[in-house]
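Report on one structure; see the data block that follows.
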Amino acid sequence: MSLPPGISEVLFSEAQLQRRVAELAAAISADYAGLTPLLVGVLRGVVPFMADLLRRLTVPAMVDFMAISSYRAGSPGGQVRLLKDLEISVEGRHVLFVEDMVDTGLSLHYLLRLLRERRPASLYVCTLFDKPRLRLVNLPLRYVGFQLPDRYVVGYGLDFRQRYRNLPYVGVLSADLLLADGPPLPSAAQGGPP
Ligand code: PRP
């Protein structure tokens, strides 16, 4: 398979991702049998995973999204700020927080604390990717798709400067691109028009 510019190798193929998502969905469907969980995602990286996971659940499920300003985006004191709140109330509901990636855990720590205050009936986490070596806060992760090495990966929702999210697989970003700091990527990096 020929890879787009900027991708040095495929880490998880589309088939591998889909197989693991199906396994996670089966485990979640079994654990939530008889219930209607509310799946909560934080935009934007989670979108492809959420869509695939949701379609494979065999229990009825609701879905809602939050948005935060990342502490990485230069917010003062590295704080996380809520940009978009949920529209569905979590009080008394079985909430499954769905993440594409848990890295330092700071985003999730902030969001879980916020949701816990709203008294859900239960609150668990499902993440497709986990980078435990970068963790700064301890978090209980009930469902984990894959553990990742400390490499910059993109695709299936994960981005580099907002690009590559649309790749159906997860690839490793080439080192030269990672080191290059400056103007936007050429449109060729997405394998198509800008
Ligand atoms: C990513 C990911 C998590 C968060 C994890 O989001 O989707 O929400 O970072 O990192 P942490 O464990 O170190 O807090 P990002 O801020 O890159 O935004 P995005 O989802 O829009 O790509």
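The values are calculated or read from the model by the stated rules, or taken from the named source; none is laboratory data. Predicted model, so just to flag it, every value in this text is computed and none were measured. Using ideal geometry, Cβ is built from the backbone for each residue, glycine included, and neighbour counts are taken over all protein chains shown. Accessible surface is based on the protein model in full, side chains and every heavy atom, while ligands, DNA and RNA are left aside. Shrake-Rupley method; radii C 1.70, N 1.55, O 1.52, S 1.80 Å.
Quick look at the values:
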item: Qualifying positions in the stretch 18-64 - in contact with a His (Cβ under 9 Å, 6 or more places away or on another chain) and polar (S, T, N, Q); result: Thr36
item: Flag if Pro120 is more than 10 Å from the ligand (Cβ to nearest atom) and closer than 15 Å to Leu39 by Cβ; result: yes
item: Enumeration of residues in the stretch 31-82 that are modelled with pLDDT under 95 and open to solvent by 70 Å² or more (accessible area, probe 1.4 Å); result: Arg72, Ala73, Pro76, Gly77, Gln79, Arg81
item: Residue selected from the stretch 45-61 under the condition closer than 21 Å to Val80 by Cα and either over 8 Å from the mean Cα position of the chain (by Cα) or among the aliphatic types (A, V, I, L, M) (or both), by the criterion farthest from the ligand (Cβ to nearest atom); result: Val47
item: One residue from Arg93, Arg20, Arg81 being charged (D, E, K, R), under 18 Å from the mean Cα position of the chain (by Cα) and more than 16 Å from the ligand (Cβ to nearest atom); result: Arg20
item: Residues (farther than 19 Å from Ile28 by Cα and either in contact (Cβ under 8 Å) with a residue 40 or more places away in the chain or in contact with a Phe, Trp or Tyr (Cβ under 8 Å, 6 or more places away or on another chain) (or both)) located in the stretch 113-157; result: Leu115, Leu148, Arg151, Tyr152, Val153, Val154, Gly155, Tyr156, Gly157
item: Check on Leu108, within 16 Å of the ligand (Cβ to nearest atom), under 25 Å from Leu148 (Cα atoms) and open to solvent by less than 60 Å² (accessible area, probe 1.4 Å); result: yes
item: Verdict on Glu99 being modelled with pLDDT of 95 or more, of a type outside the set (A, V, I, L, M), within 27 Å of Leu134 (Cβ to Cβ) and in contact with a strand residue (DSSP E or B) (Cβ under 6 Å, 6 or more places away or on another chain); result: yes
item: Tyr124 vs. criteria hydroxyl-bearing (Ser, Thr, Tyr) and either at pLDDT below 95 or buried (at least 20 other Cβ atoms within 10 Å of the Cβ) (or both); result: no
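Matching residues to (1) within 14 Å of the ligand (Cβ to nearest atom); (2) open to solvent by less than 30 Å² (accessible area, probe 1.4 Å); (3) more than 14 Å from the chain's Cα centre (by Cα); (4) more than 15 Å from Glu9 (Cβ to Cβ):
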residue: Leu141; (1), (2), (3), (4): yes, no, no, yes
residue: Val144; (1), (2), (3), (4): yes, no, no, yes
residue: Asp150; (1), (2), (3), (4): yes, no, yes, yes
residue: Gly155; (1), (2), (3), (4): yes, yes, no, no
residue: Asp159; (1), (2), (3), (4): yes, no, no, yes
residue: Ala175; (1), (2), (3), (4): no, no, yes, no
residue: Leu179; (1), (2), (3), (4): no, no, yes, yes
